[in-house]
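The values are calculated or read from the model by the stated rules, or taken from the named source; none is laboratory data. Note that this is a predicted model, so its numbers are computed, not measured. As a convention, Cβ positions derive from the backbone with ideal geometry for all residues, glycine included, and neighbour counts pool all protein chains shown.
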Amino acid sequence: MRDAEVLLSDDVRRLARGTGILLPATLVGNALLLGLDFYVNGVLGNAGYGVFNAVTRVMGLAGFVVLLGMENAVIRYVARSSVPDGRSVAMRAAAWVCGASVIAATLLIVTAPRTAAWVDPSPGTALALQIAAVSLPFAGLRMVAVAAAQGWGEVTPRAVLMFLVWPMAQIVGVTLISSAGFGSSGSGFGAGSGGVAGVTAAYTLSMAMGAGLAVVFAVRAARRSGEARQGVPGANSGPSSRATSSAELLRFAWPLWAQGILMALYTWADQVLLAGLRSAEDAGIYGPVARLAPLFGLGLGALNGMFAPMIAEKHAAGKQEELQALYRTVTRWALVIALPPAVLSLVRPEVVLGLWPHGSPEASDALRVTVVAQLICTAVGSVNYLLIMAGRERLVLWNAIPAVVVNFAASFLLIPRYGPVGAALANALAMVFANVLAFLQVRSALRITPFRSFGIGRAALASVLAGLAVAFIPTGFVCRVVPIGALAGRWVEGALFGMLTLAVFGAVLGLLGLDADDRVVINVLRQKFGRGARPGASKGSS
């Protein structure tokens with residue numbers, strides 16, 4: 001059998017090339033957002049920070065509603081159509097999304113005083129919600145434009161890095177607003193909890209800039225796609241946009257739209273419920289945990305960007321063994337990427353939380369619960385994409401319904417008594433329930449699993465040794481040795497702990513040896529950075 005050789009020489013190399021672009025861009029983008037989060041926490045304090053996060057969570061949930069699932073429809077139909085027809089599809093979807101966004105934004109602006117009172121009764125919170133509501137049409141337009149660019153197949157370093165501008169704009173906006181002061185906290189724009197409105201204004205302006213950049217990029221991607229297809233027989237013979245009616249777009253989109261809303265409820269409602277059932281202060285204490293949670297799945301997210309179309313290809317061709325081999329590889333790589341930050345967060349959560357100016361060790365147990373849940377979800381791999389690309393997308397929707405019930409029931413039971421830990425437990429139960437159920441469905445329907453010859457033992461041993469390396473180092477040692485401020489000392493300390501964890505983890509993995517597909521990745525990276533590659537290195541097996 002040549003399945004392993006084919007996988008190594010073609011599929012793994014393709015995964016590595018795409019992930020080599022998407023993962024660094026994803027890491028840089030999230031690093032910018034994390035830096036912004038540190039800064040906002042310092043500017044607003046825990047109470048204002050909790051209110052701001054609750055407001056942006058409401059915007060996130062509203063964004064899922066008004067997007068109508070159109071991003072998935074745009075990717076599919078743009079990819080299958082000629083460039084002119086693809087433009088028509090994208091414009092039709094943008095019109096639907098922008099129309100829904102304007103209606104939703106108007107409703108939020110009108111009802112803001114009543115809606116905001118559930119989170120925080122101060123006038124500054126209602127003003128912040130109204131300002132954030134203005135961002136909805138821009139956010140929807142940005143997502144449709146990005147989806148259209150994906151459909152035209154443009155994944156380049158310049159294309160991905162272009163979208164890092166909007167979080168950078170948000171950082172600059174918050175800096176300008178906080179340095180200018182914009183009056184006292186009573187005016188809604190100064191320091192403290194009242195400053196939420198000013199920080200939200202920077203958020204809305206950055207969304208507008210992001211939408212503009214995304215539209216420019218989508219137009220460029222369409223032009224380049226058209227130029228690439230010129231002279232290629234059959235390149236423009238895709239289905240006509242007239243056949244792709246609005247009804248067809250909505251029929252394709254609605255199950256994934258409903259699933260997206262439900263998933264947002266059980267993954268994003270934690271902070272809103274915590275603010276309502278306990279206090280804005282508790283929501284602020286929990287804020288760093290909520291911000292960190294998605295970071296442990298960044299590797300899987302970047303890999304899914306390349307894995308999703310490969311799932312469709314392999315499943316359509318009936319190549320189950322190759323699909324299972326890819327599933328194993330993607331899942332193992334995602335876990336390896338997630339383990340170093342997860343180990344540091346489990347062993348020394350106070351060091352990680354200390355990176356926020358008002359980070360509190362009270363959230364340590366909540367962070368540990370979140371890390372364990374994220375590792376379980378990463379360990380089962382790309383289960384939702386496997387179901388969707390195999391034509392079982394409605395299973396993903398049905399899985400989300402009981403997950404929401406689990407989340408809300410657990411939240412109302414646990415949050416009033418346990419605060420941030422209760423919110424983390426409720427969120428973890430829902431996420432693990434949905435992902436494990438989807439894993440069982442993948443195993444039953446597709447008869448594949450990533451755990452055959454999984455090869456995660458070396459990474460597990462490396463994690464244990466990395467955890468031991470940082471477990472007994474006392475916190476606060478930097479400030480005792482170097483005369484710097486407390487916050488700067490915590491940042492230096494966090495960087496040192498992180499580098500030590502990563503160094504020990506990487507060194508142990510290197511000493512224990514690499515799998516054949518890992519060597520393909522190293523070979524691709526050498527080619528990418530111009531160091532050359534030994535001929536035939538990607539063909540080996542072990």
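Candidates in segment 472-528 are the residues that are modelled with pLDDT of 75 or more, among the hydrophobic types (A, V, I, L, M, F, W, C) and not in a helix (DSSP H, G or I); of these, the one that is surrounded by the most Cβ atoms within 10 Å (Cβ to Cβ) is Ile473. In segment 433-454, of all residues being touching a residue at least 60 places away in the same chain (Cβ under 8 Å) and of a type in the set (S, T, N, Q), the one that is nearest to Val406 (Cα to Cα) corresponds to Thr449.
Only one of the numbered conditions (1) in a helix (DSSP H, G or I); (2) under 16 Å from Gly498 (Cα atoms) is not met by Leu386, and that is (2). Residues of segment 319-371 that are among the small types (Gly, Ala, Ser) and outside any helix (DSSP H, G or I): Gly354, Gly359, Ser360.
Restricting attention to segment 403-431, the residues that are buried (at least 24 other Cβ atoms within 10 Å of the Cβ) and touching a Leu at 6+ places or on another chain (Cβ under 6 Å) add up to 5.
Of all residues in segment 274-292, those satisfying the criterion of being of a type outside the set (S, T, N, Q) and surrounded by fewer than 22 Cβ atoms within 10 Å (Cβ to Cβ) are Gly276, Leu277, Arg278, Glu281, Arg291. Does any residue of segment 449-457 turn out to be within 29 Å of Leu502 (Cβ to Cβ), part of a helix (DSSP H, G or I) and among the aliphatic types (A, V, I, L, M)? There is no residue in segment 449-457 that is within 29 Å of Leu502 (Cβ to Cβ), part of a helix (DSSP H, G or I) and among the aliphatic types (A, V, I, L, M). Of the residues Ser444, Ser463, which single one is in the same structural domain as Lys319 (by TED's automatic domain parsing), of a type in the set (Ser, Thr, Tyr), at pLDDT 85 or above and outside any loop (DSSP other than H, G, I, E, B)? Ser444 is the lone residue from the list that is in the same structural domain as Lys319 (by TED's automatic domain parsing), of a type in the set (Ser, Thr, Tyr), at pLDDT 85 or above and outside any loop (DSSP other than H, G, I, E, B). Does segment 211-228 contain any residue that is at pLDDT 80 or above, in a helix (DSSP H, G or I) and of a type in the set (Asp, Glu)? No, the conditions are met nowhere in segment 211-228. Tally up the residues in segment 369-396 that are of a type in the set (Gly, Ala, Ser) and either at pLDDT 95 or above or under 18 Å from the mean Cα position of the chain (by Cα) (or both), please. Qualifying residue count for the region: 4. Identification of helices (runs of 4 or more DSSP H) wholly contained in segment 28-141 with 2 or more residues that are among the basic types (Lys, Arg), outside the structural domain of Val352 (by TED's automatic domain parsing) and touching a residue at least 24 places away in the same chain (Cβ under 8 Å) yields 70-80, 83-119.
For every residue, the table says whether it meets (1) farther than 26 Å from Ala283 by Cα; (2) over 22 Å from the mean Cα position of the chain (by Cα); (3) at pLDDT 60 or above.
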residue	(1), (2), (3)
Trp118	no, yes, yes
Pro121	no, yes, yes
Leu127	no, yes, yes
Ser135	no, no, yes
Met168	no, no, yes
Leu176	no, yes, yes
Ala191	no, yes, no
Val196	no, yes, yes
